[in-house]
Amino acid sequence: MTSLPRTQHVIASGLVAAVGIWVAYLSFTQEPADAFLFPRMISSVFVVLALFTFGKAVLGHTKVGNGLDRQSMANIAPGLIVALIFVFWAAKSLGFYTASTIAFFVLLSLYDPAPHGAASSWIKRIAISAGFLVVMYGLFAKLLNVFTPREIFF
């Protein structure tokens, strides 16, 4: 593996590990503790996997891909921007379910190869997004019975 892809693997896995540690720290320091049981479990697993991946990258044992070129970064950038808006603003301002549905719909619209000029593709995107909302609500509110950020809508 050449130096640039290895450096990209180390940087990317290091950033993911740092975010994982941050999320785990937040989930273990927030109250009420019962509301953060699920995030604690998931973030702990996330941290272990992220640190394992980071360690592999540092040791040069990562055998996936050749790094990211400019075109790949240009393809990823819109989704990354939507994710950052969701995480740092939308989930708290609009409510978890509303923001998740909007983010999912935008990502689906950005990356779905179906033509944007056809009404049927928009109907499909709306139906898939509505189904996503139902699954998210059923999973978090009904099955796991965990709290989600609530604001304007729900």
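The values are calculated or read from the model by the stated rules, or taken from the named source; none is laboratory data. For clarity, every value in this text was computed on a predicted model and none was experimentally measured. Quick note on the areas: whole protein, heavy atoms, side chains included, nothing else; ligands and nucleic acids left out. Shrake-Rupley method; radii C 1.70, N 1.55, O 1.52, S 1.80 Å.
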Residue tally, condition modelled with pLDDT of 90 or more, of a type outside the set (Phe, Trp, Tyr) and open to solvent by 90 Å² or more (accessible area, probe 1.4 Å), over the range 40-57: 2
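Here's the yes/no breakdown for (1) assigned to a helix (DSSP H, G or I); (2) open to solvent by 70 Å² or more (accessible area, probe 1.4 Å); (3) modelled with pLDDT under 85:
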| residue | (1), (2), (3) |
| --- | --- |
| MET1 | no, yes, yes |
| PRO5 | yes, no, yes |
| LEU15 | yes, yes, no |
| ILE21 | yes, yes, no |
| SER27 | yes, no, yes |
| PHE38 | yes, no, yes |
Subset of the range 136-148 (residues that are open to solvent by 100 Å² or more (accessible area, probe 1.4 Å) and either modelled with pLDDT of 80 or more or in a helix (DSSP H, G or I) (or both)): LYS142, LEU143
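I need the helices (runs of 4 or more DSSP H) fully contained in the range 58-124, keeping only those with at least 2 residues that are of a type outside the set (A, V, I, L, M, F, W, C) and modelled with pLDDT of 85 or more.
Fully inside the range 58-124 and qualifying: 70-85, 96-111.
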Single match in SER129, SER100, SER121 (criterion: open to solvent by less than 30 Å² (accessible area, probe 1.4 Å), among the small types (Gly, Ala, Ser) and either assigned by TED's automatic domain parsing to the domain that holds VAL23 or under 14 Å from the mean Cα position of the chain (by Cα) (or both)): SER100
